[in-house]
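The values are calculated or read from the model by the stated rules, or taken from the named source; none is laboratory data. Because the structure is predicted, anything quoted here is derived from the model rather than measured. All Cβ positions, glycine included, derive from the backbone under ideal geometry; neighbour counts span all protein chains shown. Please note that ligands, DNA and RNA were not included when accessible areas were found on the heavy atoms of the full protein model with its side chains. Shrake-Rupley method; radii C 1.70, N 1.55, O 1.52, S 1.80 Å.
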Amino acid sequence: MGFLRIRTTVDERPGRLASLAAALADKGGNILGLSVQSDVDGTVDEFVTEIPAGPEAVREALEAAGGRRVQVVPATAHQLTDEPTRALLLASRLRAMPWRLPELLGELLRADDSRWVYGSDMSDLPDPTLLTVPVAPRRAIRVRRAELPFTLTEAARAASFVRLAQPPPHQPTGSERVVKLSDGTETQVRPLTQLYREAVRDLHDRCSPESRRFRYFTSMPVLPPRVFDRLCDRTRGHSLVTGYDGQVVALANLMFTPDPGIAEMAFLVEDRWQGRGLGAALARMVVAEARDLGFAEVRATLLADNTRMRRLLVSLGATLSHTEDPSMVEARLAVGVMATASPS
């Protein structure tokens, strides 16, 4: 007596499922699990059975009962878990660890392999045992299961599962927040919108070439309109502006990335407002927003000689690592462990 996972395509006719169940019973099989899935040319019935007959005998019996493309593979007791319960448990794990999306998607589909693919590698292949699930415009997960082709129902499940790892497409714009700096000055922080186009242009005019270089890795005197529009697009990220006396004095950006669970942050603070605690306050706001959006980690890429920003990120609990470019450093901050001490 052993466990078998059996899949067969059947025509939509009354009594067809009963015929398959009777065929399994004739072979001494006990049906422990059953699912019905839609596919391109009929309905796919899938059974998990405990049965003494071998795979070949089971295949012949189901074909005689009207099954098409019958596939029989060994199963384990682990596969007897109630499917809705198993999917909910995996969704809970994904919510806590979105960066493990490929691994958990593979578990959901009981796949042999699940990995990222990029760019031109994302194109669909004429192989029913491979499933490509889009995650971002140039990023997808390719899942492989050698013995059982994927059905349309499984493709829909995979797409829904991937959406759990992505931030919501739209969020409320929020309201004004007041930030009191170390010298007692109060500034107002608001979501970036198109209304601030001219004010942000003026901010760039007032910043020194070094401050702009630290932000953009080049002394960009003017922010191109297309870049400003992208920063305002709340399907691609959330940005904040800090105002004082009718001027924008700082810009903070949280940008979504193709990596589920990971966002990027960057800041531009006018020179005369640096060293007063504004950057630290904005960093905490950005990380808190990332947490509320369901991100697990925030990253920042910065120039190695940007000592002020390096010190700030370390004070928040970030870890720094070198990149392939010796002039660049990457900071990684897990939003759940952000340091709670007040910045110095």
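Annotations
- Residue in segment 223-241 that is assigned to a strand (DSSP E or B), within 17 Å of R190 (Cα to Cα) and more than 29 Å from the chain's Cα centre (by Cα) present: no
- Within segment 312-344, the residues that satisfy the criterion of being modelled with pLDDT under 85 and either surrounded by 15 or more Cβ atoms within 10 Å (Cβ to Cβ) or out of contact with any helix residue (DSSP H, G or I) (no Cβ under 8 Å at 6 or more places or on another chain) (or both) are V335, V337, M338, T340, S342, P343.
- Within segment 109-125, residues that are of a type outside the set (G, A, S) reach partners that are part of a strand (DSSP E or B) and exposed (fewer than 15 other Cβ atoms within 10 Å of the Cβ) with beta carbons closer than 8 Å, at six or more positions or on different chains, in the pairs M122/P134.
- Residue within segment 258-281 that is in a helix (DSSP H, G or I) and under 25 Å from E324 (Cβ atoms) present: no
- In segment 290-308, residue nearest to the chain's Cα centre (by Cα) [restricted to those that are open to solvent by 40 Å² or more (accessible area, probe 1.4 Å) and modelled with pLDDT of 90 or more]: R299
- One residue stands out in segment 24-47 among those that are aliphatic (A, V, I, L, M) and surrounded by 20 or more Cβ atoms within 10 Å (Cβ to Cβ): the one that is farthest from L109 (Cα to Cα), namely L24.
- Of all residues in segment 172-222 being assigned to a strand (DSSP E or B), within 31 Å of the chain's Cα centre (by Cα) and not aliphatic (A, V, I, L, M), the one that is surrounded by the most Cβ atoms within 10 Å (Cβ to Cβ): P191
- Filtered residues of segment 254-275 (kept if open to solvent by 10 Å² or more (accessible area, probe 1.4 Å) and not charged (D, E, K, R)): M255, F256, T257, P258, I262, M265, A266, F267, V269, Q274, G275
- Selection from segment 68-123 of residues that are open to solvent by less than 70 Å² (accessible area, probe 1.4 Å), modelled with pLDDT of 80 or more, in contact with a strand residue (DSSP E or B) (Cβ under 9 Å, 6 or more places away or on another chain) and of a type in the set (S, T, Y): S114
- Pairs, first at negative phi in segment 307-320, second among the small types (G, A, S) and open to solvent by 40 Å² or more (accessible area, probe 1.4 Å), C-beta under 8 Å, six or more apart: R308/G275; S315/A341; S315/S344
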